[in-house]
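The values are calculated or read from the model by the stated rules, or taken from the named source; none is laboratory data. What you see is a predicted model; the values in this text were computed from it and never measured. Here the Cβ is made from the backbone with ideal geometry for all residues, glycine too, and neighbour counts use every protein chain on show. Side chains are part of the model used for accessible areas, which takes the heavy atoms of the whole protein and leaves out ligands, DNA and RNA. Shrake-Rupley method; radii C 1.70, N 1.55, O 1.52, S 1.80 Å.
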Amino acid sequence: MRKIIINGGRPLTGKVTVSGAKNSVVALIPAIILADGIVTLDGVPAISDVDSLIDIMETMGASVRRDGECLEIDPRGVQDMPMPFGKINSLRASYYFYGSLLGRFGQAIVGLPGGCDLGPRPIDLHLKAFEAMGASMTYEGSNMHLVAGDKQLHGAHIFMDTVSVGATINTMLAAVKAHGRTVIENAAREPEIIDVATLLNNMGARVRGAGTDVIIIEGVEKLHGTRHQVIPDRIEAGTYIALAAAVGQGIQIDNVLYEHLESYIAKLEEMGVRMTVSEDSVFVEKQEQLKAVSIKTSPYPGVATDLQQPLTPLLLKTTGNGRIIDTIYEKRVGHVAELAKMGAQIATRSNYITYQGPNELIGAQVKATDLRAGAAMIIAGLMAQGQTEITNVEFILRGYSNIIEKLTDLGADIQLIED
Ligand code: UD1
């Protein structure tokens, strides 16, 4: 078991560069299974979710070369076999193998996905879409067997009951090689969906409308190899912006696409955060007084649920009181009890969080209850007086590339140690 030790209260300065998007790359890697040639991804983050996906790909027969941020995958040797159980339930995004294996082989034998515990995280919409495309579903022990009639999916008209990133991408993966046209209505519009569609189209797919709520896919017979640059991680960018506003004396965050963060940056401006937004970077000044605001998360382009937790420590610094309402994952509140241990005036109500500021945080022993809660604990630890010890850090390393190195470069006193 590893833990992170932070000696807080230090002012941070300098530059930090955002890595490629976790939520893109975890879909791009499974998407490569659909190609009949080598696919190279540039800008791949150094996160353990990527390690797990590479492991799964190799176990299934892909040949993989990784050199820094460059990942080259030849999927031609991938076998039509049950997915390696145990590896699948370590991460939520393993569900993307359902769509890509169905697209390539017309069947998939898979275990149920894992990931952060944010309350109920059903996959009914994914399965309904596959069924609409002609797949039937049976259970064999802890595995699920999805199989298309004649081992070939057909196009379908699918209306998503709820806006879902995962179900939208998974349906695209299944549909690009299906027979005929698939229409996804009420599709999610997140930038990661555009990124996946871009890769698929560069592989020879015919996907239109990604980034809007109607996506149309004309099935093709074959997809080929290509090279693709992963988009910057908007959640990592938003995390560093909040961190810079909380403890920075002037921090520049590079490789940021402002358009992906408009609603979030608007919220920060409402709080009084002073920053300068340039073409692909954001400079966050040292902050004086900040005003409490209320946050409500919603699907893109609204404030991302993934940024609610990293933003919370900064909210605790503000003057006044406010609420945080997460409309996507009501139970995404694991950070609240941990922040309270550090002296914060914060509490959960039935389906929202309330806080009162300003707070002076004190170092404490806390845990990362999930990935983004872990980011919140790191920011809180940097803000606090004294030492903070964070356990369960595996969650954080799943999604934040080189976070210890990046923060050390900004002047933080932070260490990852073996317990
Ligand atoms: C993705 C992101 C995650 C982010 C979330 C919401 C990845 C790997 N993860 O997760 O970081 O927090 O989007 O932006 O990209 N739902 C159903 N049935 C389904 C699927 C979803 O009811 O079959 C519900 C969920 O419970 C949730 C909402 O739809 O309330 C949105 O979830 P979804 O967008 O699917 O989240 P994920 O794709 O799992």
Rounded tilt (10° steps) of 234-247 against the dominant C-alpha axis of the chain:
10
Cβ-defined net charge surrounding ILE231, 9 Å radius [Lys, Arg +1; Asp, Glu -1]
-2
Given 338-344, 16-22, the highest-first ranking by average Cβ count within 10 Å works out to 16-22, 338-344
Given unit charges at Cβ for Lys, Arg (+) and Asp, Glu (-), the dipole magnitude of the chain about its Cα centre in debye, nearest 20, is 600
Inter-centroid distance (Cα atoms) of the stretch 1-65 relative to the stretch 154-169, Å
26
Relative to the longest principal axis of the chain, what angle (0 to 90°, nearest 10) does the C-alpha long axis of helix 305-317 take?
0
Would you mind checking which residues have amide H under 5 Å from LYS286's amide H? H placed 1.01 Å from N; only 5 or more apart, or other chain.
GLY250
Considering the zone a paramagnetic label at GLU69 would reach in this model (a point 7 Å from Cα along the Cα-to-Cβ line), which residues of the stretch 244-272 have amide N under 11 Å from it?
254-256
Checking the cross-link filter: which lysines have an alpha carbon closer than 24 Å to that of LYS15, excluding same-chain neighbours under 8 positions apart?
LYS267, LYS286, LYS317, LYS406
Let me know the Kirkwood hydrodynamic radius for the stretch 22-229, please, with Cα pairs as the basis and the value in Å to one decimal.
16.5
Under a straight-distance cross-link criterion of Cα-Cα below 29 Å, which lysines are reachable from LYS222, leaving out those fewer than 8 residues away in the same chain?
LYS22, LYS87, LYS128, LYS151, LYS177
Looking only at the chain, where both bridge partners belong to it, what percent of the DSSP beta bridges are antiparallel (to the nearest 5)?
70
Would you please state which residues of the stretch 1-36 a label at GLU360 would reach in this model, taking the label point 7 Å out along Cα→Cβ and a backbone N cut-off of under 20 Å?
7-12
Here the FRET efficiency for ARG181 versus LYS291, based on Cβ atoms and R0 = 45 Å and rounded to 0.05, is 0.35
Between ASN351 and ASP55, the FRET efficiency computed from the C-beta separation at R0 = 45 Å comes out, to the nearest 0.05, as 0.75
For the stretch 154-232, how big is Rg over Rh, using alpha carbon atoms and the Kirkwood form of Rh?
0.95
Between the modelled labels at GLN387 and VAL214 (7 Å from Cα along Cα→Cβ) the distance in nm is 6.1
Please give the calculated 222 nm ellipticity per residue for the chain, where each DSSP H segment of at least 4 residues contributes -39500 (n - 2.57) and the sum is spread over every residue; nearest 500 deg cm²/dmol?
-9500 deg cm²/dmol
Determine the sum of side-chain charges near ARG274: Lys and Arg each +1, Asp and Glu each -1, restricted to other residues whose C-beta is under 11 angstrom from that of ARG274.
-2
Could you check how much of the accessible area of the chain is carbon and sulfur, as a whole percent, using a 1.4 Å probe?
47
If you add up the charges near THR168, with Lys and Arg at +1 and Asp and Glu at -1, over every other residue whose beta carbon is less than 13 angstrom from its beta carbon, what do you get?
-4
Probe 1.4 Å, protein heavy atoms only - accessible area per residue of the chain in square angstrom:
38
Using alpha carbons only, how many angstrom separate the centre of the stretch 362-377 from the centre of the stretch 225-304?
20
Report, to two decimal places, the Cα Rg of the chain normalised by 2.2 N^0.38 Å (N = number of residues).
0.98
